[in-house]
Amino acid sequence: MCIFIKWNIFEQNLVHIENMKFGIIKERKNPPDRRVVFSPEKLKEFQKTFTKATIKVESSNIRVFSDEAYKKAGFEVVHDISDCDVLLGVKEVPIEALIPNKKYFFFSHTIKKQPYNRKLLQAILEKNIELYDHETIVKENGARLIGFGRYAGIVGAYNGFRAWGLKYDTFQLPKAETISDQQMLISELNKIKLPNIKILLTGSGKVANGAKEMLDGMQLKQVSVEAYLNDTFNEPVYCMIDVLDYNIRKDGQVIGNTDFYNHPEAYESNFMRFAKVTDYFIAGHFFGDGSPYLFTREDAKSTDFNIKLVADISCDIDGPVASTLRASTIADPIYGYNSQTESEVNFKDEDAIVVMAVDNLPCELPKDASEGFGELFLENVIPSFFNNDADGVLERAKMTENGKLTEHFSYLQEYVNGNE
């Protein structure tokens with residue numbers, strides 16, 4: 001009898017999973033975001049692979065792919081998705097639009113205890129919603145499985161070159177948001193003539209590699225650290241550096257990247273040797289708690305400091321890149337930093353370091369960004385719904401359940417209570 005009951009429960013759960021309903025939600029946050037988790041083509045691939053799943057698309061007049069495109073791909077476009085089990089979005093869902101008792105996937109911007117979204121997390125708990133933040137979808141070692149980082153790097157590098165042309169009145173590049181895809185961005189960059197500048201790119205992840213794609217697309221020469229620091233060139237060049245290139249251990253030991261990540265307090269910045277020879281700095285690195293700042297406000301005051309332009313894709317405000325005083329916007333992406341007064345100035349001022357610090361860069365390339373995101377989501381997340389979460393992806397990512405924070409995210413309780 002017990003065996004029969006257990007099998008019956010298993011059979012019911014199997015039917016529930018096989019008939020799971022997925023909804024692609026309309027983005028409602030302002031300013032409008034045209035990205036989506038799945039393009040029509042990638043959604044077709046999802047449906048073909050997992051034939052028992054039901055998929056609906058909520059009607060949207062701002063999405064980069066039209067309602068008609070989803071209809072032509074064979075999907076039902078509706079105004080009410082309340083019958084769906086799993087709701088997939090990109091940006092925060094307004095509190096009034098949250099549907100109780102659902103599983104939601106979106107960037108909640110709560111895992112770092114962001115004050116402006118405390119009420120959102122409170123509402124998610126009150127409405128008994130299972131929240132899976134895209135940032136929490138990780139491997140066992142904590143490495144991100146999905147994200148828009150590559151596209152931030154692509155657009156950020158482009159925007160930096162555009163800022164150079166505007167600063168020195170040497171060329172005019174159109175805004176990235178007016179261009180349809182990455183290849184067209186590269187095509188525009190290949191029309192410009194650069195002086196013999198040195199370009200520095202920090203990082204080794206998706207952001208930095210996205211930026212590298214643009215530099216390589218321009219056929220710029222990549223040089224070694226030694227050559228970058230010591231040689232002069234009769235053409236523009238770039239150097240891509242990782243954490244141990246611009247940080248040194250205080251006791252002089254050279255151990256490895258893992259040691260830096262585990263013991264950042266044991267290191268100090270050695271970035272100034274690069275700042276002395278760099279013209280254009282693309283900040284594509286990840287900055288962890290306790291890591292040394294790349295350059296401080298005092299560093300920037302030095303007569304040896306040569307950086308003229310910073311494309312700060314990482315965009316940590318008032319942090320490791322001293323010139324980043326604030327995030328800029330797609331509408332107004334550039335400002336100036338006066339290193340002597342430590343204040344914002346017009347980027348055209350003679351002594352200004354030009355700063356591009358847009359914090360939502362992938363929004364400028366919504367089609368490519370959506371297609372790339374959907375590819376990662378289909379590969380790394382969707383199978384977990386149909387294989388009993390064999391790799392633990394959903395279990396690791398789940399932030400809330402049954403009106404409470406899950407154990408892994410219990411550190412947010414004081415934040416939810418309003419005490420942090």
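The values are calculated or read from the model by the stated rules, or taken from the named source; none is laboratory data. Worth saying up front: this structure is predicted, and the values here are computed from it rather than measured. Positions of Cβ are generated from backbone atoms using ideal geometry, with glycine treated the same way; all protein chains shown enter the neighbour counts.
Can you find, within region 219-243, the residue that is farthest from residue 196 (Cα to Cα) among those that are of a type in the set (Ser, Thr, Tyr) and touching a helix residue (DSSP H, G or I) at 6+ places or on another chain (Cβ under 9 Å)?
228
For region 233-255, which residues satisfy the criterion of being assigned to a loop (DSSP other than H, G, I, E, B) and of a type in the set (A, V, I, L, M, F, W, C)?
Across region 233-255, the qualifying residues are 233, 254, 255.
Out of the residues in region 244-255 that are of a type outside the set (Val, Ile, Thr), in contact with a helix residue (DSSP H, G or I) (Cβ under 9 Å, 6 or more places away or on another chain) and over 20 Å from residue 298 (Cβ atoms), which is surrounded by the most Cβ atoms within 10 Å (Cβ to Cβ)?
If we filter region 244-255 for residues that are of a type outside the set (Val, Ile, Thr), which is where we start, we get 244-247, 249-253.
So of that shortlist, the ones also in contact with a helix residue (DSSP H, G or I) (Cβ under 9 Å, 6 or more places away or on another chain) come out as 244-247, 249-251, 253.
If we keep only those that are over 20 Å from residue 298 (Cβ atoms) too, we end up with 244-245, 249, 251, 253.
Details: 244: 16, 245: 18, 249: 15, 251: 8, 253: 10.
Checked region 244-255; the qualifying residue surrounded by the most Cβ atoms within 10 Å (Cβ to Cβ) is 245.
Which of the residues spanning region 351-366 are in contact with a strand residue (DSSP E or B) (Cβ under 7 Å, 6 or more places away or on another chain) and either charged (D, E, K, R) or assigned by TED's automatic domain parsing to the domain that holds residue 35 (or both)?
If the condition is that a residue be in contact with a strand residue (DSSP E or B) (Cβ under 7 Å, 6 or more places away or on another chain) and either charged (D, E, K, R) or assigned by TED's automatic domain parsing to the domain that holds residue 35 (or both), then 351 is the only one that fits.
Quick check on region 246-264. Is at least one of its residues within 24 Å of residue 360 (Cα to Cα) and in the same structural domain as residue 188 (by TED's automatic domain parsing)?
no
Taking region 256-296 only, how many residues are farther than 22 Å from residue 164 by Cα, assigned to a strand (DSSP E or B) and out of contact with any helix residue (DSSP H, G or I) (no Cβ under 8 Å at 6 or more places or on another chain)?
1
Of all residues in region 368-396 being aromatic (Phe, Trp, Tyr) and under 24 Å from residue 182 (Cβ atoms), which is surrounded by the most Cβ atoms within 10 Å (Cβ to Cβ)?
Filtering first and then ranking leaves 373.
Here's the yes/no breakdown for (1) surrounded by 13 or more Cβ atoms within 10 Å (Cβ to Cβ); (2) of a type outside the set (Phe, Trp, Tyr); (3) at pLDDT below 95; (4) under 11 Å from residue 238 (Cα atoms):
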{"position": "180", "(1), (2), (3), (4)": "no, yes, yes, no"}
{"position": "192", "(1), (2), (3), (4)": "yes, yes, no, no"}
{"position": "202", "(1), (2), (3), (4)": "yes, yes, no, yes"}
{"position": "214", "(1), (2), (3), (4)": "yes, yes, no, no"}
{"position": "225", "(1), (2), (3), (4)": "yes, yes, no, yes"}
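With the requirement that a residue be assigned to a strand (DSSP E or B) and either among the charged types (D, E, K, R) or free of Cβ contacts under 8 Å to residues at least 24 places away in the same chain (or both), what does region 21-52 give you?
21
Taking region 91-144 as the search range and keeping residues that are in a helix (DSSP H, G or I) and of a type in the set (Gly, Ala, Ser), which one is surrounded by the most Cβ atoms within 10 Å (Cβ to Cβ)?
123
Which fully enclosed strands (runs of 3 or more DSSP E) of region 297-348 have 1 or more residues being closer than 24 Å to residue 34 by Cα, out of contact with any Gly (no Cβ under 9 Å at 6 or more places or on another chain) and assigned by TED's automatic domain parsing to the domain that holds residue 273?
Counting at least 1 such residues, we get 334-338.
Among the candidates 81, 62, single out the residue that is surrounded by fewer than 19 Cβ atoms within 10 Å (Cβ to Cβ) and either closer than 27 Å to residue 359 by Cα or of a type outside the set (Lys, Arg) (or both).
Values: 81 fails: surrounded by fewer than 19 Cβ atoms within 10 Å (Cβ to Cβ).
Only one candidate qualifies: 62.
When you scan region 159-189, how many residues do you find that are over 26 Å from the mean Cα position of the chain (by Cα) and free of Cβ contacts under 8 Å to residues at least 40 places away in the same chain?
Summing the residues that are over 26 Å from the mean Cα position of the chain (by Cα) and free of Cβ contacts under 8 Å to residues at least 40 places away in the same chain in region 159-189 gives 5.
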